[in-house]
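Following: one structure in structure tokens, then a few remarks.
Please treat every number below as a calculation from the coordinates, not as lab data. Treat the numbers as computed from the prediction; the structure is a model and nothing was measured. Note: ideal-geometry Cβ built from the backbone for every residue, glycine included; neighbour counts use all protein chains shown.
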Amino acid sequence: MMRLVLQSLRQTGDLGRILGRMAERGDVILLHGALGAGKTTLARSIASGLDVPPECYVTSPSFSLMLEYPGRMPLYHIDCYRLRGEDDVEESGLMDYIVADGLTVVEWPDRLGGLVPAEHLDIRMDQAGEQARKVIVTPHGRRWLERMDALKAACGAASILVEN
Ligand SMILES: Nc1ncnc2c1ncn2[C@@H]1O[C@H](COP(=O)(O)OP(=O)(O)OP(=O)(O)O)[C@@H](O)[C@H]1O
Ligand SMILES: [Mg+2]
């Protein structure tokens, strides 16, 4: 587990680009946090780190459930906010994109219940000021565990405050 403090919108951008550059095919990133915490904002910079062209502006997929963007691998940006639970998720057809041939980023992943894949990176964002955000990053499974040192180093190099 790693605790970060993002002091500005720009630092959220830095974190997202780091994650996008580190992403490997089949990765899953789950974004937890309240309304307005910054999940979609982080997803937008993850897209940038994945080389999704700037003209493909990443917006909230809350009504479409899933939006796909072309990068060095596909980005599947999912928002489960409007789903009530596992049954809804199964009916929605989203499971085809939860573990896929690119990077999957999910907002409101608590709706997935027992459908959460074993290998994923959990990111919890909490508002701590107008632009300040507290972030807890937790790897689940070998894929992300192996990259935690590199992720920590990249955050430090980008002057993101890494606690403990
Ligand atoms: N450090 C920061 N990181 C992320 N967003 C920030 C930051 N500082 C300010 N903001 C602002 O906070 C808002 C976050 O909105 P965003 O849509 O990303 O939240 P969200 O977590 O996706 O919400 P929702 O649950 O409604 O989808 C944006 O207006 C953004 O500009
Ligand atoms: Mg959002």
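Yes/no per residue for (1) under 30 Å from Asn164 (Cβ atoms); (2) within 13 Å of ligand 1 (Cβ to nearest atom); (3) in contact with a Pro (Cβ under 9 Å, 6 or more places away or on another chain):
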{"residue": "Glu24", "(1), (2), (3)": "yes, no, no"}
{"residue": "Glu86", "(1), (2), (3)": "no, no, no"}
{"residue": "Ser92", "(1), (2), (3)": "no, no, no"}
{"residue": "Glu107", "(1), (2), (3)": "yes, yes, yes"}
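Examine segment 54-63 for a residue that is within 13 Å of ligand 2 (Cβ to nearest atom), of a type outside the set (Gly, Ala, Ser) and outside any loop (DSSP other than H, G, I, E, B), and state whether such a residue exists.
Checking segment 54-63: not a single residue is within 13 Å of ligand 2 (Cβ to nearest atom), of a type outside the set (Gly, Ala, Ser) and outside any loop (DSSP other than H, G, I, E, B).
How many residues does segment 17-45 contain that are within 17 Å of Met148 (Cβ to Cβ) and in a helix (DSSP H, G or I)?
5
Of all residues in segment 122-153 being crowded, with 18+ Cβ neighbours inside 10 Å and farther than 16 Å from Thr40 by Cα, which is nearest to ligand 1 (Cβ to nearest atom)?
Top of the filtered list is Val137.
Looking at Gly71, is it free of Cβ contacts under 8 Å to residues at least 12 places away in the same chain, small (Gly, Ala, Ser) and either within 16 Å of ligand 2 (Cβ to nearest atom) or not in a strand (DSSP E or B) (or both)?
Answer is no for this residue.
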